[in-house]
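Let me begin by presenting the structure, written as structure tokens, before commenting on it.
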């Protein structure tokens, strides 16, 4: 014969065991998120609408990219341009969280937002501001836009492309 106290004790032990097995670590004990990955290469658009895909090609390696809608539109405008992309890599795709234009037609490029300082036009990059000498009126009209620029920044001539409008 099983006593009621034994049944209650058994039920309590069972509940404690189930609770311990289902316990999740709280924020203090949670593992830190993995460090972001990065890749360098040339961004390409493959396929045709609506099946377009973004690919980053580096030598013989080609990796599919996925990103936000706004960044996808910017990356499509950059087809053929060399980039450094940051984000997360898994077995089939690289999820882009951030990118920087590094070269256009093999020329080193600045990637940043156009700003003014009085009458002077500058590009604000990740590392600081660079004054732009001899900018065209069309480039001046893009203040607030994210652009890439090649050519000697202080003297020009400057070649540029729009990454995203303000």
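The values are calculated or read from the model by the stated rules, or taken from the named source; none is laboratory data. Worth saying up front: this structure is predicted, and the values here are computed from it rather than measured. Counting neighbours? That spans all protein chains shown, and the Cβs are built from the backbone with ideal geometry, glycine included.
In the stretch 83-90, is there at least one residue being in a loop (DSSP other than H, G, I, E, B), within 17 Å of the chain's Cα centre (by Cα) and either in the same structural domain as residue 41 (by TED's automatic domain parsing) or surrounded by fewer than 14 Cβ atoms within 10 Å (Cβ to Cβ) (or both)?
Going through the stretch 83-90, the residues in a loop (DSSP other than H, G, I, E, B) turn out to be 90.
Add one more test, that the residue is within 17 Å of the chain's Cα centre (by Cα), and what stays is 90.
Still in the running and either in the same structural domain as residue 41 (by TED's automatic domain parsing) or surrounded by fewer than 14 Cβ atoms within 10 Å (Cβ to Cβ) (or both): 90.
Yes: one or more hits.
Kindly provide the set of residues from the stretch 122-164 that are farther than 12 Å from residue 109 by Cα and either assigned by TED's automatic domain parsing to the domain that holds residue 71 or in contact with a helix residue (DSSP H, G or I) (Cβ under 9 Å, 6 or more places away or on another chain) (or both), ordered by number.
132, 146, 162, 163, 164
Among the listed residues 162, 147, 143, which satisfies the condition of being modelled with pLDDT of 95 or more and either surrounded by 18 or more Cβ atoms within 10 Å (Cβ to Cβ) or assigned to a helix (DSSP H, G or I) (or both)? Steps first, please.
On the way: 162 fails: either surrounded by 18 or more Cβ atoms within 10 Å (Cβ to Cβ) or assigned to a helix (DSSP H, G or I) (or both); 143 fails: either surrounded by 18 or more Cβ atoms within 10 Å (Cβ to Cβ) or assigned to a helix (DSSP H, G or I) (or both).
Of the residues listed, the single one that is modelled with pLDDT of 95 or more and either surrounded by 18 or more Cβ atoms within 10 Å (Cβ to Cβ) or assigned to a helix (DSSP H, G or I) (or both) is 147.
All but one of (1) over 28 Å from residue 37 (Cα atoms); (2) touching a strand residue (DSSP E or B) at 6+ places or on another chain (Cβ under 6 Å); (3) surrounded by fewer than 16 Cβ atoms within 10 Å (Cβ to Cβ) hold for residue 121, so report the exception by its number.
Looking at each condition in turn, residue 121 falls short on (3).
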